Amino acid sequence: MPHFAASDGTRIFYEEAGSGLAVVFAHEFGDNYESWAPQMSHFGRRYRCIAYAARGFPPSDVPEDPARYGLARLVQDVGELMDHLELERAHLVGVSMGSVPILNFALANPGRVRSLVIGSTGAGVTRDPDEHRARLQIVEARARDYETLGAVEMADRMANLTVRRAFKAKDPHGWAAFRERLKKHSAEGCARTLRGSFLNRPSAYDQGEALRAFRVPTLLMFGDDDHPAIEPTLFMRKEMPCAGLVVFPWSGHNLNIEEPAAFNRVVEDFFHASEQGRWRPAS
């Protein structure tokens, strides 16, 4: 199984498919690298596709030190993966948790990004200080639940969140497979990720200047039943001069597996437009 050693010694798992221009996929908290199987099959026909498992998510290592899960470290993992694979530039695709290090790597390293796809982002982000504190308390409570209940019991809770209801209703078989993947998570890795990253990551609302300065083709997307993602994504669309927006109807948080055909189609069209210099110019 292919791994590379990050600069802090953590072994990060990744898988590859295809050849051509590179695409790097970063998964959400409520799934793992296997969630990108529909995209690895589709885009692997024309691109060199890489899906990696975030630290704390087996088969990547699960470091014991919570400090090794901070956002700066996760951003560094993206760059070190690209360095390991000798990728000067790549299309970067992140969903939910995976969107945060992908976005922040892109903002800091625009020259290494062919295009940027950000989906289902912004969970826990709000302008209201009281609501923000309440959401941080929810994150800490979820971390404790992982430690006390374990990954198997938490899998059922996570799979039945409101943002998953459309997926469960539309595709019971796919939803059940998703729930089974949740059971393979490391409870310790999930708890440390929640505390190390979710409690301390910046709000998109505080990154307006960096978003406005970003001139790389960007595609933003959310499902209309994924309410925590809507307002932060609309804010990003307003601030980012080269961003376009796709809204998936009657869809929740798991866009790439909930609506894989639609997801692949819009992302592929976006890749082609950006590669040909025909994506919307900065205004």
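The values are calculated or read from the model by the stated rules, or taken from the named source; none is laboratory data. Quick caveat: nothing in here was measured; it's all calculated off a predicted structure. Note that each Cβ is placed from the backbone with ideal geometry, even for glycine, and that neighbours are counted across all protein chains shown. These accessible areas exclude ligands, DNA and RNA; they are computed on the full protein's heavy atoms, side chains included. Shrake-Rupley method; radii C 1.70, N 1.55, O 1.52, S 1.80 Å.
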* Only residues that are in a helix (DSSP H, G or I), open to solvent by 20 Å² or more (accessible area, probe 1.4 Å) and hydrophobic (A, V, I, L, M, F, W, C): list them for segment 230-246, please. => ILE230, LEU234, PHE235
* Structure fact -> Subset of segment 41-60, residues within 19 Å of the chain's Cα centre (by Cα), in a loop (DSSP other than H, G, I, E, B) and either at pLDDT below 95 or basic (Lys, Arg) (or both), comes to ARG55
* Structure fact -> Matching residues in segment 8-40 (part of a strand (DSSP E or B), of a type in the set (A, V, I, L, M) and surrounded by fewer than 21 Cβ atoms within 10 Å (Cβ to Cβ)) number 1
* Please work out which residue is nearest to ALA141 (Cα to Cα), limiting yourself to segment 186-203 and to residues that are under 16 Å from the mean Cα position of the chain (by Cα) and part of a loop (DSSP other than H, G, I, E, B). => ARG201
* Structure fact -> With criteria (1) in contact (Cβ under 8 Å) with a residue 12 or more places away in the chain; (2) surrounded by fewer than 19 Cβ atoms within 10 Å (Cβ to Cβ); (3) assigned to a helix (DSSP H, G or I); (4) not basic (Lys, Arg), LEU182 comes up short on (2)
* Restricting segment 217-229 to residues that are buried (at least 22 other Cβ atoms within 10 Å of the Cβ) and outside any strand (DSSP E or B), the residue that is farthest from the chain's Cα centre (by Cα) -> PRO217
* Would you check if GLY174 is of a type outside the set (Lys, Arg), part of a helix (DSSP H, G or I), more than 16 Å from the chain's Cα centre (by Cα) and over 29 Å from ASP77 (Cα atoms)? => yes
* May I ask you to list pairs of residues, at least six apart or on different chains, whose Cβ atoms are under 8 Å apart, with the first in segment 231-260 being farther than 17 Å from ASP31 by Cα and charged (D, E, K, R) and the second being open to solvent by less than 20 Å² (accessible area, probe 1.4 Å) and part of a loop (DSSP other than H, G, I, E, B)? => GLU231/GLY122
* Go through segment 94-120 and count every residue that is within 11 Å of the chain's Cα centre (by Cα) and either surrounded by fewer than 24 Cβ atoms within 10 Å (Cβ to Cβ) or over 15 Å from GLY244 (Cβ atoms) (or both). => 11
* **Residues of segment 247-276 satisfying the condition of being β-branched (Val, Ile, Thr), crowded, with 19+ Cβ neighbours inside 10 Å and more than 16 Å from the chain's Cα centre (by Cα)** => none
* How many residues are in contact with a helix residue (DSSP H, G or I) (Cβ under 9 Å, 6 or more places away or on another chain) and free of Cβ contacts under 8 Å to residues at least 60 places away in the same chain when one looks only at segment 163-179? -> 6
* What is the number of the single condition among (1) open to solvent by 30 Å² or more (accessible area, probe 1.4 Å); (2) touching a residue at least 12 places away in the same chain (Cβ under 8 Å); (3) of a type in the set (A, V, I, L, M) that ALA72 does not meet? -> (2)
